[in-house]
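The values are calculated or read from the model by the stated rules, or taken from the named source; none is laboratory data. Note that this is a predicted model, so its numbers are computed, not measured. When we count neighbours, we look across all protein chains shown, and the Cβ atoms used for this are built from the backbone with ideal geometry, even at glycine. We work out accessible area using only protein heavy atoms, side chains counted, and drop any ligands, DNA or RNA first. Shrake-Rupley method; radii C 1.70, N 1.55, O 1.52, S 1.80 Å.
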Amino acid sequence: MLLCFKDAEVDLCKLLGKGADPSFDKLFISLASLASSQQKAVIDAVMRWRSEMVEPLDPALIKRISESAPLSRTREVESVLKERQSLSSVYILCRALIEIVRRFSADTCPESVGENLEEIVFIQLKKPDPDAIKRSANRTASMNLFAELIGELSNIRFASVSDRFIAELEKYNSHTIMKERQSHMEMLIRGMRFLKIKIYPLDALEETADFLSSCASFFKNAHGAKVKHAYANLFVQLLLPIAEVAVAEVNFPAWVKAVDLMYPRALKMTLKPRHILGGYPLVTTLLCVSRKEFFTTNWLPIVESCYQKFNKDKYTRQMAIGCISRLVWTYLFRCTESVSASFKKLDNIIKNIFPPFRRAVYPSEIPLDHFILITYFCLMK
């Protein structure tokens with residue numbers, strides 16, 4: 001990897017990502033198997049390896065690559081190779097730790113090990129320059145892996161991990177600081193997107209609901225498009241899997257409080273053109289995880305609003321039909337109404353997306369997946 005053409009940025013995902021090299025993948029599985037009985041020893045060994053990777057490069061290697069580089073770029077060779085070595089070693093470290101932590105349970109992960117790993121990830125989430133990360137695909141890939149790692153940790157240490165995120169977000173809960181450090185806050189929020197929220201057993205539901213309520217309070221007071229969109233995308237990513245399985249859990253008081261806090265702000269986002277792509281998916285997701293009475297009161301106005309987006313650009317049209325598809329599923333499989341009432345509501349939806357006397361669907365020029373799903377849902381019921 002160090003010998004790759006110096007002027008081209010090496011794609012770490014293609015070279016080191018999962019599936020790129022089956023033998024390399026097996027190495028991580030072997031490390032994880034060893035760590036199941038020797039957690040601290042294996043993690044310490046992996047961390048020592050990473051430390052060794054920041055030592056000076058071999059002068060002979062630098063000389064060899066410098067000789068093949070353009071004369072005007074020879075002075076940059078060492079710095080490019082050092083950055084490449086650092087980023088690749090961080091990428092490998094994250095992959096190893098993700099596999100190791102994935103094998104842990106709440107009972108088998110020592111407290112000291114859990115705390116140490118949390119600290120490593122949060123240093124990475126707080127320290128880097130967000131603009132430098134956005135400019136580099138490899139830095140972005142490494143940050144994504146750190147987010148995955150903290151997500152795996154949250155599966156066994158949710159209370160500790162979520163408390164750390166809330167404590168960090170609290171530091172930005174001021175209009176001035178939020179405005180000045182939007183990019184930092186955006187990166188921190190994105191770091192939560194792999195958290196493993198659970199609604200069973202009751203203790204896990206309480207922890208999840210409390211965490212969402214805290215995040216909802218921050219979202220309610222959020223300023224700046226970057227921060228609002230980051231929160232909207234986060235809630236959609238965390239809550240959509242819950243929408244598939246939640247039943248009575250949506251009536252839990254703290255859960256109801258979280259939805260009630262988020263919904264007005266999300267609805268407000270749908271009214272502004274620059275927030276549409278973030279606002280509509282969030283409003284839809286919140287309805288899908290809300291109590292039945294709240295859903296039945298609010299879902300049709302959102303569907304009607306989605307119709308008005310059918311004449312917009314391709315991405316907006318695709319988003320709108322996706323929202324309708326999710327709302328139709330929730331209505332059919334979570335709500336119980338008379339056959340005549342259901343038929344009337346669904347008939348209106350079908351006539352809008354499959355206009356009478358026209359061969360084309362509406363909106364047009366988008367993938368047919370959601371049209372097929374809506375048809376399937378209706379026929380199933």
(message) Suppose we keep only residues that are of a type in the set (Ser, Thr, Tyr) and farther than 22 Å from Ala209 by Cβ within region 297-328. Which one would you say is surrounded by the most Cβ atoms within 10 Å (Cβ to Cβ)?
(response) Ser325
(request) Could you list, in sequence order, all residues of region 363-381 that are within 28 Å of the chain's Cα centre (by Cα) and under 21 Å from Leu287 (Cα atoms)? (result) His370, Phe371, Leu373, Ile374, Phe377
(message) So Pro281 passes all but one of these: (1) touching a Gly at 6+ places or on another chain (Cβ under 8 Å); (2) on the phi > 0 side of the Ramachandran plot; (3) not aromatic (Phe, Trp, Tyr). Which condition number does it fail?
(response) (2)
(request) All but one of (1) surrounded by 13 or more Cβ atoms within 10 Å (Cβ to Cβ); (2) closer than 28 Å to Glu118 by Cα; (3) at pLDDT below 95 hold for Cys94, so report the exception by its number. (result) (3)
(message) Restricting to region 299-313, name every residue that is in a helix (DSSP H, G or I) and either polar (S, T, N, Q) or free of Cβ contacts under 8 Å to residues at least 12 places away in the same chain (or both).
(response) Pro301, Glu304, Ser305
(request) May I ask you to list the residues in region 364-381 that are among the acidic types (Asp, Glu) and loosely packed, with under 11 Cβ neighbours inside 10 Å? (result) Glu365
(message) I'd like the residue in region 121-142 that is without any contact (Cβ under 8 Å) to a residue 24 or more places away in the chain and under 16 Å from Val161 (Cβ atoms) and, out of all such residues, is surrounded by the most Cβ atoms within 10 Å (Cβ to Cβ).
(response) Gln124
(request) Take region 314-362 and flag every residue that is farther than 19 Å from Val283 by Cβ and either in a loop (DSSP other than H, G, I, E, B) or in contact with a Ser or Thr (Cβ under 7 Å, 6 or more places away or on another chain) (or both). (result) Thr336, Glu337, Ser338, Phe354, Pro355, Pro356, Phe357, Arg358, Arg359, Ala360, Val361, Tyr362
(message) Quick check on region 97-111: of everything there that is part of a loop (DSSP other than H, G, I, E, B) and hydrophobic (A, V, I, L, M, F, W, C), which residue is most open to solvent (accessible area, probe 1.4 Å)?
(response) Ala106
(request) Can you confirm whether region 82-89 contains a residue that is open to solvent by less than 50 Å² (accessible area, probe 1.4 Å), modelled with pLDDT under 85 and assigned to a loop (DSSP other than H, G, I, E, B)? (result) no
(request) Give just the number: which of (1) in contact with a Gly (Cβ under 8 Å, 6 or more places away or on another chain); (2) assigned to a loop (DSSP other than H, G, I, E, B); (3) of a type outside the set (Val, Ile, Thr) does Lys198 not satisfy? (result) (1)
(request) Can you tell me which residue within region 30-52, out of those that are at pLDDT below 90 and among the polar types (S, T, N, Q), is least open to solvent (accessible area, probe 1.4 Å)? (result) Gln39
(request) Take region 352-363 and flag every residue that is surrounded by 10 or more Cβ atoms within 10 Å (Cβ to Cβ) and either on the phi > 0 side of the Ramachandran plot or touching a residue at least 12 places away in the same chain (Cβ under 8 Å) (or both). (result) Asn352, Ile353, Phe354, Tyr362, Pro363
(request) Evaluate the following for Val236: is it modelled with pLDDT of 95 or more and either among the β-branched types (Val, Ile, Thr) or open to solvent by 40 Å² or more (accessible area, probe 1.4 Å) (or both)? (result) yes
(message) All but one of (1) without any contact (Cβ under 8 Å) to a residue 40 or more places away in the chain; (2) open to solvent by 10 Å² or more (accessible area, probe 1.4 Å) hold for Lys292; state the number of the condition that does not hold.
(response) (1)
(request) Taking Ile156 as meeting all but one of (1) part of a helix (DSSP H, G or I); (2) modelled with pLDDT of 90 or more; (3) surrounded by fewer than 20 Cβ atoms within 10 Å (Cβ to Cβ), write down the number of the exception. (result) (1)
(request) May I ask you to verify whether Ile189 is closer than 14 Å to Val289 by Cα and open to solvent by less than 20 Å² (accessible area, probe 1.4 Å)? (result) no
